[in-house]
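These notes concern the structure reproduced below.
The values are calculated or read from the model by the stated rules, or taken from the named source; none is laboratory data. What you see is a predicted model; the values in this text were computed from it and never measured. Neighbour counts are summed over all protein chains in view; Cβ atoms, including those assigned to glycine, are modelled from backbone coordinates with ideal geometry. Calculation scope for accessible area: heavy atoms of the full protein, side chains included, ligands and nucleic acids excluded. Shrake-Rupley method; radii C 1.70, N 1.55, O 1.52, S 1.80 Å.
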Amino acid sequence: MNPLKKNQFIPPELAIAPPFPQGQAQNLILREVNLDCNSNFQVWSPQTNSVLLPVEASLLQSDRLRVEVICSRLVWLFGATCSEHEDYLTAKQKLLYNWEDIVNFASKYNFRPNALDIVFSPQLIRPVYSHNTKQPTHWVSEPPCWEIFFLQLKSVSGGIVAETRPKSLSIMIWTGQPIVKSA
């Protein structure tokens, strides 16, 4: 074994997604997800509102274990916050460092995921509005983060759809602490 591979947080054999088995995927996108400024990993993601072909759904399901290992390593290193609130900044959250705790969070809502997706977001500065006004009440600086999406593949007429967990549930791996300031 190459000694360099042991020193990489995500080994090269985990960083590369399996190839699409037949020609080109029609409803999946192969994305590069940043890990740091020098490395990334690949993940197959369903296109928004697409109906997957059986071969595409099969690829997502068969690649779940590889993506889960990557997610579990990120959770182990940084910890993850799981929130049931639409505005996750208002929730009192503790960091979870065990992947099984994350899976239990997703499954306690009768959600049976069989595929995973993960998205990296760079630093973001955004306004927070009150319910009564169109003026921002606060500004939030969010550090770079990864958001994990548990997907449940379901048969529909014409193919298979990848349903995500309810929008109010979020699983975030932050690289730092969000900062909230009054406007």
- Conditions (1) surrounded by 12 or more Cβ atoms within 10 Å (Cβ to Cβ); (2) without any contact (Cβ under 8 Å) to a residue 40 or more places away in the chain; (3) of a type in the set (S, T, N, Q): number failed by ASN132: (1)
- Query: Which one is most open to solvent (accessible area, probe 1.4 Å), of the residues in the stretch 145-183 that are in a loop (DSSP other than H, G, I, E, B), in contact (Cβ under 8 Å) with a residue 60 or more places away in the chain and within 30 Å of ASN114 (Cβ to Cβ)?
  - Reply: LYS167
- Query: Could you say which residue among SER39, SER50, SER45 is hydroxyl-bearing (Ser, Thr, Tyr), open to solvent by less than 90 Å² (accessible area, probe 1.4 Å) and farther than 26 Å from TRP174 by Cβ?
  - Reply: SER50
- Sole exception among (1) in contact (Cβ under 8 Å) with a residue 24 or more places away in the chain; (2) open to solvent by 70 Å² or more (accessible area, probe 1.4 Å); (3) farther than 27 Å from LEU28 by Cα; (4) within 23 Å of the chain's Cα centre (by Cα) for LYS108, by number: (1)
- Give the number of residues within the stretch 1-29 that are open to solvent by 80 Å² or more (accessible area, probe 1.4 Å) and within 19 Å of TRP146 (Cβ to Cβ). 1
- Message: Return the pair list, or none, for Cβ contacts closer than 7 Å from residues in the stretch 20-48 that are in contact (Cβ under 8 Å) with a residue 12 or more places away in the chain and within 18 Å of ASN114 (Cα to Cα) to residues that are among the acidic types (Asp, Glu) and assigned to a loop (DSSP other than H, G, I, E, B), at least 6 apart or on different chains.
- Response: TRP44/ASP63
- Item | Sole residue being at negative phi, of a type in the set (Val, Ile, Thr) and out of contact with any strand residue (DSSP E or B) (no Cβ under 8 Å at 6 or more places or on another chain), chosen from THR164, THR137, THR133 | THR133
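Out of SER121, SER155, SER141, which single residue is modelled with pLDDT of 90 or more and in contact with a Cys (Cβ under 9 Å, 6 or more places away or on another chain)? It would help to see each step written out before you state the result.
Values: SER155 fails: in contact with a Cys (Cβ under 9 Å, 6 or more places away or on another chain); SER141 fails: in contact with a Cys (Cβ under 9 Å, 6 or more places away or on another chain).
On inspection, the qualifying residue turns out to be SER121.
On the given criteria, is TRP139 part of a strand (DSSP E or B), open to solvent by 80 Å² or more (accessible area, probe 1.4 Å) and either of a type in the set (Phe, Trp, Tyr) or in contact (Cβ under 8 Å) with a residue 40 or more places away in the chain (or both)?
On the way: part of a strand (DSSP E or B): yes; open to solvent by 80 Å² or more (accessible area, probe 1.4 Å): yes; either of a type in the set (Phe, Trp, Tyr) or in contact (Cβ under 8 Å) with a residue 40 or more places away in the chain (or both): yes.
Against the criterion (part of a strand (DSSP E or B), open to solvent by 80 Å² or more (accessible area, probe 1.4 Å) and either of a type in the set (Phe, Trp, Tyr) or in contact (Cβ under 8 Å) with a residue 40 or more places away in the chain (or both)), TRP139 qualifies.
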- Query: For the stretch 54-76, which residues satisfy the criterion of being surrounded by 15 or more Cβ atoms within 10 Å (Cβ to Cβ) and under 19 Å from PHE120 (Cβ atoms)?
  - Reply: LEU60, ASP63, ARG64, ARG66, VAL67, GLU68, ILE70, CYS71, SER72, ARG73, LEU74, VAL75
